[in-house]
Amino acid sequence: MKISKKDILELLILLLLGFTPLLWFHGNEVILGHDAGLPLSPVLHFLDRLHVWTDRYGFGYDQSLFLPGFFIHGIEAIVFFFFHSLQMEQKITFIFWFVLPGITMYYFANKIAKKYDLQFFALPSAIFYMFNHFLLQGWFIAERTKFSLYAALPLLLAFLFDWQDKQRSTSKSAIFIAITFFFLNGEGSLPLFGGILMSLFTFVIFYFLPGFSVKKIFHLIGLIGLTVIASVLLNAYWLFSYLHYISHSFLSEVAQAGGLNGILGWLNYVSADSSLINLLRLQGIPEWYQNPLHPYANTFLGNPILIAISCLIPVLAFLPLLVVKGKVRRFVIFFSFLAIFSIIFAAGSHPPFGTFYILLVNFLPGFIAFRTPFYKFSPAVWFSYALLISFSINYFLERFRIQKVTKYLLLGAFCTGIILYSYPLLTGSFFNYVVGQRSNKVSVPSYVFDFAKWSDATSRSDIRTLVLPRPNIGNNIEAYTWGYWSPSPLTTLLTNAPIVNPTGLLPGQEYALVENVYDMMKNNTPGWKNYAKSLGIQSFLLRNDFAWNLKESPTDSPQDYTSALKSDELTKIKTFGEWDVYDFKDQDTAVRIQSSNSLSYIVGTPKDMDLIAQVPNFNGAEPYYIAGDPKKKNLDILQFADSIYIKPVCIHCNLQNSIINLGAYVPLITRSSRFYKVISKLKKPSAVSISDVAYDSLRNLLEFQKVIDEGKNISITLPSLQEYLVSLNILDKALHNFTQHISQENNSILLDIQNVLRNEKIVLVQKNDQIKDPELLNFYVQIYQKLGSIKVFVDSAVWTTSDEIHKRFFIESPMSESYAMLVRPDDIAQQGQKVSFVLDDTKYQVNPKQVENNLLFLGQYPLKKGIHKLDLEEPAVNLYTGPQDFNVSFSPEGSCFFSDKLTGNKNQIVRVSFQHKKISGMRQFTVLITKDNQQINSLNIQGDQLRSNASMQNYLSDYAFNEDGESFYFAICAGPSADTEEAQTDLELQNLNIRKLYSPDILFYTASNQNSQATIPYIKQSAYNYEFNGNNANNKQKILIFKETYSDNWRLNNKSSDFMVNGFATAWISNNGDKKSIIIYVTQNLVIVGFIVTTVAIMGSIVLVLFLNKK
Amino acid sequence: MKKRIVSSVRKSYQWYRQNLDKIILLIAAHFIAVYSLNLPYINLIKILFSFLPYVVDWIVLLLLFKPKKEFILKVALALLVFAIFPEILSVQRFAEFSGEIVFVLLVTVIFYSLKEIK
């Protein structure tokens, strides 16, 4: 393709427009925050991304998925390397990403323009492709991954059309396409390829439209095959480790996104405004409608002129179908088809095609990845529109019989209009994504960079540091008073030092371990230092500039940790402006690798470690194995246990029954249907487990309920009821066999069955009124009695807490030992009192001995290996300390009665009970539990309705609340009176009682302290490679602990890891003596091989292209 | 003016008389489609794709009246221009409805245009 003067001029215009990002920066502002992921230290960030293992996240993290960002972060690193200015780096890279889609689109559009002699086509296409609302929304977080594929799309189609028109050979086309996606790979994110896939499907359809032949199929397969081969070879540097990771972690990634249900919920949320009319008008961008403080959406949604323009956009886009004739029309039809086809997918779950999309998510393997359809598929819509609108512009300008200069002036006006329609791009206002509250343009304080420089120094690069305060538990938002706001921790963008941040990337177990440290530090609980050390935490970064009291992400104040940080074992070693760094005084820099001749065996969960760490002789240096954590088969870990900690499991202590979705068990077809016989024959013959038997009985009862509700006669209702009785008889028999061997697992099944039977009883009671036929009623009574007898049997067999005082536990003893028993009563007032309990049918009443931190020692008890039962008596304490009997008056304007502030615990349930009687007035009342007694008023009350009258009534209700463990108030409110005559309303309350439904802390343990641990000096070659000499001269079997996140890919001298210790770390049983040893993350080998393959493939591609050109 | 109105009404009447059999067929097809899609168990499909009866209507209409694709496209573009008003007045239901009609019309035009690809 020859380059004309016009081409050069138009390219210069595009390059000039490419400098638009320069308008966005003022002062020393840089773009940072939200999902931008723009690093503050681009070079270090890039170098870290060359390794599959990084210390930047949690206790180490496999970042195989980040490797494809090689070019995106490589460009940033190179620019920063030369300019040493973050703002300059961002300006230059932003110009690059801004102009790139324009250039690639110009290349494609200019080809069409030259082939069909379209004078005014290429420039508006390119400008529209650069300046539009899709990119505008992407620019607020500078989504370089999105931009890269967006820029690749025109090139892909250019190469495909050239290939179809036989302008380029199959092999050369394949190499060109592969090279395009080698550089512009969207960071390997499959969902971002949505627009590319739409274009490919459309191309294939149009390829076969003129005629279908075997030759054409082979031709296409040849192109696809060669492209895939070339792409695999060129992208080998990330593809091998990426596929390795995906093959191991796809399901966990889906689970992390909330499972299928979570994804469908999200899908509905983001598709709420993606209606066809919005998409046709190039609107429907989710943020426009979800964010009331969006910087420019309200203008576009409310301004009549802009609305009119938006409606005229599709008119301009589809007008070419009417007016453009000749050979170029095939492109008009192609892009119209592509636009319409992509809109169906971009609409996601929005009607009318939403069901189709949901079916794809549910049933098409891998499609679940496209969980944000608008952003994934709409690039193809904008791409098509850019070209279609340019067809219209070209048509009008060529049709007008006016001077050429005037035509160019009109073209200029059109192009200016396109730019002005995306006017926020000219001001940079789109970075202020919540107007007046949040912006991605921030001025980073210099002390942040000072900290980065210091923490990246060799002396600190291996010291694991915990950030304080923690981010909000629910959303993990990091926000600073100077403007940074993001779910991505700032330190991960700042430094490669091992800084622990609780983020969504942390596995649930590790998140729980870190939360324990925060909870313990906040309360300055004894043992917190020991516990922190067990996690390899050596240092703390207190950020006094953390915006901890934001409404959407409240968390602990930095001051909450002051008392813990004042500990004698800690020292403040450095201050960087608002950031203070505290280290343990007994700093051993080599805690990453340790050896131990023993471990603690924990029967419990990571969450229980906060209690276990408080036991006086808990040794933080000794590794602990949590039963159930990953371990290699046939490995007897108990042989290394010198101490055992058992946290008994309280069964049903909160007295809350799980909710059964009865609707899901109502059969679609009942015996009143003509299809019933067919369906019954197709039905699976028998239930597999006893749970199935129980749920079968529920299904039968719900079928009976359905036929009763449908008003069917006795010829249908009676057989239905008979079938239910049959299923009850089967259940009864099965239960007698099942209860002969009760284990913890069986008990859980029985609890579930108990709940099913409870629900069945409720259904039977509710339907009683509808049974009129005497024969049916008689049978109904028999069934009710049968159900009652089964229920009594299950109630007697199941081990569960059934009242507020007697808490029932299972104790799983891994070996026969004499265990010390500790208990921490919920109320300090109970500490002087005797403790009564029944352990394996033996009653005890013990005078406890105070140990530490409210823990009471109840003596030594021998427990054989196996399951034991404990019934602990703990009187419920009334949290409400005011008078229990009193009258409350409510004013005519409406008012509330508030209790004093009551102390709460995290995730607790409280039970409220009282008797009540209305003394005067007409109004009704609302009962509520609230965290705030200030913002509640009588008009915005949301709570439980209290219908009082002149006689005394009982009230009892449970409240689940308080995710963050704040204090709370009990309140009764009455709204304003509609009756002007009513002076006031009076309510009498008696026996007001508010108590917690909770699981008391109990611990059984045996600790011998016959252990020895040693840290092993090592050389950290890189984040994935450690070298050391074994500290095991006598060749005795020892546990080697490597305090990086557990993975099968960690190898000690080529031996894969043996088990997980400390809830996160990797461990081996080793008898390597003093030999030199290496711990290596083997996936890195795939990366090294991949880089070699890629290098060879690049050279091969160049040679091949040169050879093919010559030929 | 009066004459024009009378002439227009007469023309419309004539058109309806001439196409009465087609209109009856269309209405019959609509009822058959609605009835069929409301039958037990088949109605599950209709619950999922509520627009199906109208798709049937549209196909029957296309088969019976054979409108030109240029005409369909002009109607679609005119509807898009008309959609400015419900959008400005924030009558979202109406705007969405016109968007769905426009979409069906565009799909039809593109479908008819595919024959031109050689």
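Annotations
- C-alpha long axis of helix A:354-363 to longest principal axis of chain A, angle in °: 70 degrees
- Cut-off 13 Å between beta-carbons: net charge of the residues surrounding A:K404, Lys and Arg +1, Asp and Glu -1: +2
- Over all pairs of different C-alpha atoms, region B:52-118 has a mean inverse distance whose reciprocal, the Kirkwood radius, equals 12.9 Å.
- Count Lys and Arg as plus one, Asp and Glu as minus one, and take only other residues whose Cβ is under 12 Å from that of A:D162; the net charge is then +4.
- Stokes-Einstein diffusion for region A:1-146, with the hydrodynamic radius set to the Kirkwood value over Cα pairs and evaluated at 25 °C in a medium of 0.890 mPa s, equals 143 µm²/s.
- As a rough footprinting exposure proxy, the listed residues A:F1042, A:F738, A:F19 were ranked by other beta carbons within 10 Å of their own, and the order from fewest upward is A:F19, A:F738, A:F1042.
- Counted by neighbouring Cβ atoms within 10 Å, the residues A:H736, A:H248, A:H868 run from fewest to most as A:H736, A:H248, A:H868.
- Per-pair calculated FRET efficiency, R0 = 56 Å: A:V781 and A:K607 via Cβ, rounded to 0.05: 0.70
- Region A:150-198 and region A:1-63: distance between their alpha carbon centers, rounded to Å: 22 Å
- Farthest towards the positive end of the charge dipole of the protein assembly as shown, among the residues A:Q766, A:M198, A:T881, is the Cα of A:M198, using unit charges on the Cβ of Lys, Arg, Asp and Glu.
- For chain A, the Cys residues with no second cysteine's beta carbon closer than 4.7 Å are A:C311, A:C415.
- Estimated FRET transfer efficiency (A:N729, A:K767; beta-carbon r; R0 35 Å; 0.05): 0.95
- At R0 = 35 Å, FRET efficiency that the Cβ-Cβ distance of A:S443 and A:K931 yields, to 0.05: 0.50
- Ellipsoid equivalent to region A:721-838 - semi-axes via the Cα gyration tensor, in Å: 40, 19, 9
- Mean partner shielding of peptide B:97-110, defined as the number of other chain Cβ atoms within 10 Å of each residue Cβ, is 6.
- Pair-distance distribution P(r) for the protein assembly as shown, from all Cα-Cα distances in 10 Å bins starting at 0: 1, 7, 13, 16, 18, 17, 14, 9, 3, 1, 0, 0 percent.
- Positive-end extreme of charge dipole, chain A - chosen from A:V823, A:G58, A:F890 (charges on Cβ): A:G58
- Cα centre as origin, Lys/Arg/Asp/Glu Cβ charges: the protein assembly as shown dipole, Debye: 6780 debye
- Value of Rg to Rh for region A:440-482 (Rh from inverse mean 1/r over Cα pairs, i.e. Kirkwood): 1.03
- Separation of alpha-carbon centers, region A:304-381 and region B:60-87, rounded to whole Å: 18 Å
- Straight-line cross-link reach from A:K786 at under 25 Å between alpha-carbon atoms covers these lysines, not counting any fewer than eight positions away in the same chain: A:K706, A:K712, A:K733, A:K761, A:K767, A:K772.
- Hull volume in cubic angstrom per residue (convex hull over the Cα atoms of region A:264-345): 93 Å³
- DSSP beta bridges confined to the protein assembly as shown are antiparallel in about 90 percent of cases.
- Charge context of A:Y484, other residues only, Cβ under 14 angstrom, K/R +1, D/E -1: -2
- Our summary gives region B:73-118 a relative contact order of 46 percent, counting only alpha carbon pairs under 8 angstrom and 6 or more residues apart.
- When the inverse distances between all different Cα atoms of region A:486-589 are averaged and flipped, the Kirkwood radius reads 14.7 angstrom.
- Between A:L655 and A:L15, the contour length at 0.36 nm per residue exceeds the alpha carbon distance by 223.5 nm.
- Distance in nm between pseudo-label sites at B:A28 and A:I95 (7 Å out along the Cβ direction from Cα): 7.3 nm
- Centre separation in Å (Cα based) which lies between region A:526-593 and region A:1062-1105: 34 Å
- Ranking A:L184, A:I309, A:G628 by Cα position along the charge dipole of the protein assembly as shown, where only Lys, Arg, Asp and Glu carry charges on their C-beta atoms, puts A:I309 farthest toward the positive end.
- A:N1053 versus A:E745: modelled label distance in nm, points set 7 Å from Cα along the beta carbon direction: 3.7 nm
- Point-charge dipole on Cβ atoms (K/R +1, D/E -1) for region A:688-786, about Cα centre, debye to 20: 160 debye
- Cα-projected label distance for A:T458 with B:V9, points at 7 Å along beta-carbon direction, nm: 10.0 nm
- When A:T458, A:T406 are sorted by how many other C-beta atoms sit within 10 angstrom of their C-beta, beginning with the fewest, the order is A:T458, A:T406.
- A compact globular protein would have a Cα radius of gyration near 2.2 N^0.38 Å; the ratio found for region A:336-492 is 1.64.
- Shape descriptor for region A:355-415: Rg over Rh equals 1.35 (Cα atoms; Rh from the Kirkwood inverse mean 1/r).
- Gyration tensor verdict on region A:555-614 (Cα atoms; rounded if a/c is under 1.5, prolate if a/b is larger than b/c, oblate otherwise): oblate
- Per-bin percent of Cα-Cα distances, region A:649-732 [10 Å]: 16, 43, 28, 9, 3, 0
- Whether chain B is rounded, prolate or oblate, judged on the alpha carbon gyration tensor where a/c under 1.5 counts as rounded: rounded
- Degrees, to the nearest 10: A:194-208 long Cα axis against longest axis of chain A: 50 degrees
- Once the Cα atoms are used to define both axes, helix A:404-421 deviates from the longest principal axis of chain A by about 10 degrees.
- Calculated log₁₀ intensity ratio I(q)/I(0) where the Debye formula runs over C-alpha points of region A:687-787, q = 0.14, 0.15, 0.19, 0.23 Å⁻¹: -0.53, -0.60, -0.88, -1.19
- Semi-axis lengths (Å, descending) of the ellipsoid that matches the C-alpha gyration tensor of region A:845-916: 41, 15, 13
- Electrostatic dipole magnitude of region A:1-60 [Cβ: Lys, Arg +1; Asp, Glu -1; Cα centre; debye, to 20]: 340 debye
- Additional length obtainable on full extension of the chain from A:S691 to A:V666, 0.36 nm per residue less Cα span: 7.3 nm
Only the coordinates and a few stated rules stand behind these numbers; no lab work does. What you are looking at is a predicted structure, and each value in this text was computed from that prediction instead of being measured. Virtual Cβ from ideal backbone geometry, glycine too; neighbours counted across all protein chains shown.
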